[in-house]
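The values are calculated or read from the model by the stated rules, or taken from the named source; none is laboratory data. All of these numbers come straight from a predicted model, not from anything done at the bench. Don't worry about glycine lacking a Cβ; one is built from the backbone with ideal geometry, like all the others, and counts go over all protein chains shown.
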Ligand SMILES: [Mn+2]
C-alpha cells in the first residue's frame, strides 16, 4: 500500500509585489492569484488521493498578513479534511508569539510544528513526517542538526524551510542552512523543503524544493506547481512535479540599437513584447523588457512610454523595462565638436579617468547620458 503527500512551499500570501512593479488593481489580482493557488493545491491533493498536504514555510508574509488571511487559511484547511495539513513555518512566516500561526484556532486536520528541532508526526503505515519551525525570521540553525532517526523499519521524511548550501542561487539569503548529504545520513528518505523559489527534485539526494506556486519575481520564469510525493509499500520514495501556475513571468530583450527616434524604440519594443507573450495568457503575464543596443544620445528612451506602448502591443498584465542600452559611438565625435556638448563630455571623461568605484562610474554614465540629451534638446527619458 502506498501513501501520497502533496508538497508545496513559498506561497507568500499577501505579498506586496511592488518589486515587480505591481500596484493597485494588478497587485490585488496577484494576491488573489496566490489564494487561488492554495485552493488549487487542495483540489490537487484530493484528486491524487493524498493523505496530507505539506507546507514548508513562507506560506504568508508576516508583515502584511492579518486576521483575514488567518481566517482564509483556517477555512481553506478545514475544507480539505480528512486530508491532513502539516505546517513548517519559515523565515517570512516565523512562529512568533504574535503570528497568525500562534493566535489562530486551527482545525483538527492541521498540525503545526512548533519547535526548532525536528519533531515526529506519524501518518500511519510506518510513515513519519518530522517537521520544525523557524521561531524567528533570522534563524541560522541547521535543520538537520539532529540525532539520526529510523531503525524501526519505517519511512521518515523531513519537512522544513532551509537553504541547501550546495545549490544556493546567487544572492539568495541564508535561513536554516543545511547540506543535502545529511538527509540520508540522518535517516530521512527525503527532505521536503522550502525557501528556494525554483523547483528542484533530486531523487538521489532525496531533496525536494517545489518552488513558489506562482512566480514572485521576473526570474521565476519556469513552470511551477506542487510536487506529489509517493511512498511505496516497499519504502521507496518518488517525486512528481506538477505544473499548474496561472501567472507567468517572462524576460525578453529588444535590440533598439540604431534607433533614430523614440518611434523606432517603441516599434522594436512592441515586436519583442508580442513574441515574448506568444503561447501564454497575456492577461496573466508579467513581462520584463530589456532594451539593449547602442543608441544615439539624441534618441529619448522614456521607460514609462516604452512600457505603455509594449503593453498595448502584447496585452501583458504588466511590462517593466530595463534600459541596458549604451551610448552610441557617435559620441566619440562629440569630442571634436568644439561645443558646450564637447566641453561637457570632456569634463565627464576627466572625472571618469580620475577613478572612483562602480557606483561613481554608473552615476557618471548617467550624467553623460542625461547631460548630452539635455544639451541635444530632446526630451529626457528616465531609465
Ligand atoms: Mn520564500
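Here the condition is being over 30 Å from residue 18 (Cα atoms), at pLDDT 95 or above and part of a strand (DSSP E or B); of 229, 208, it holds for 229 alone. Within the stretch 207-218, residues that are on the phi > 0 side of the Ramachandran plot sit with their Cβ atoms under 8 Å from residues that are within 10 Å of the ligand (Cβ to nearest atom), at 6+ positions apart or across chains, in these pairs: 211/9; 211/10; 211/196; 211/197. Candidates 220, 214: the one that is under 24 Å from residue 29 (Cβ atoms), touching a strand residue (DSSP E or B) at 6+ places or on another chain (Cβ under 8 Å), assigned by TED's automatic domain parsing to the domain that holds residue 89 and within 16 Å of the ligand (Cβ to nearest atom) is 220. Only residues that are touching a strand residue (DSSP E or B) at 6+ places or on another chain (Cβ under 8 Å) and part of a loop (DSSP other than H, G, I, E, B) were counted in the stretch 76-103, giving 9.
Select, from 74, 78, 70, the only residue that is over 27 Å from the mean Cα position of the chain (by Cα), surrounded by fewer than 24 Cβ atoms within 10 Å (Cβ to Cβ) and more than 16 Å from the ligand (Cβ to nearest atom). Can you show your working first?
Values: 74 fails: over 27 Å from the mean Cα position of the chain (by Cα); 70 fails: over 27 Å from the mean Cα position of the chain (by Cα).
Exactly one of 74, 78, 70 is over 27 Å from the mean Cα position of the chain (by Cα), surrounded by fewer than 24 Cβ atoms within 10 Å (Cβ to Cβ) and more than 16 Å from the ligand (Cβ to nearest atom), namely 78.
Among the residues of the stretch 102-142, the one identified as more than 21 Å from residue 62 (Cα to Cα), crowded, with 16+ Cβ neighbours inside 10 Å and in contact with a helix residue (DSSP H, G or I) (Cβ under 9 Å, 6 or more places away or on another chain) is 109. Looking only at residues that are assigned to a loop (DSSP other than H, G, I, E, B) and crowded, with 23+ Cβ neighbours inside 10 Å in the stretch 41-61, which one is farthest from the ligand (Cβ to nearest atom)? Checking each candidate, the answer is 50.
What number of residues within the stretch 104-132 are modelled with pLDDT under 95 and either closer than 27 Å to residue 172 by Cα or outside any strand (DSSP E or B) (or both)?
First pass over the stretch 104-132, keeping only residues modelled with pLDDT under 95: 124-126.
Remaining after also requiring either closer than 27 Å to residue 172 by Cα or outside any strand (DSSP E or B) (or both): 125-126.
Result for the stretch 104-132: 2.
In the stretch 174-205, how many residues are in a loop (DSSP other than H, G, I, E, B), within 15 Å of the ligand (Cβ to nearest atom) and either more than 12 Å from the chain's Cα centre (by Cα) or not assigned by TED's automatic domain parsing to the domain that holds residue 50 (or both)?
Taking the stretch 174-205 first, the residues in a loop (DSSP other than H, G, I, E, B) are 174-176, 179-180, 186-189, 195-199, 203-205.
Add one more test, that the residue is within 15 Å of the ligand (Cβ to nearest atom), and what stays is 174-176, 195-199.
Within this subset, residues satisfying the condition of being either more than 12 Å from the chain's Cα centre (by Cα) or not assigned by TED's automatic domain parsing to the domain that holds residue 50 (or both) are 174-176.
Qualifying residue count for the region: 3.
Which residues, counting only those in the stretch 283-308, are surrounded by 21 or more Cβ atoms within 10 Å (Cβ to Cβ) and part of a helix (DSSP H, G or I)? Passing the criteria: only 306.
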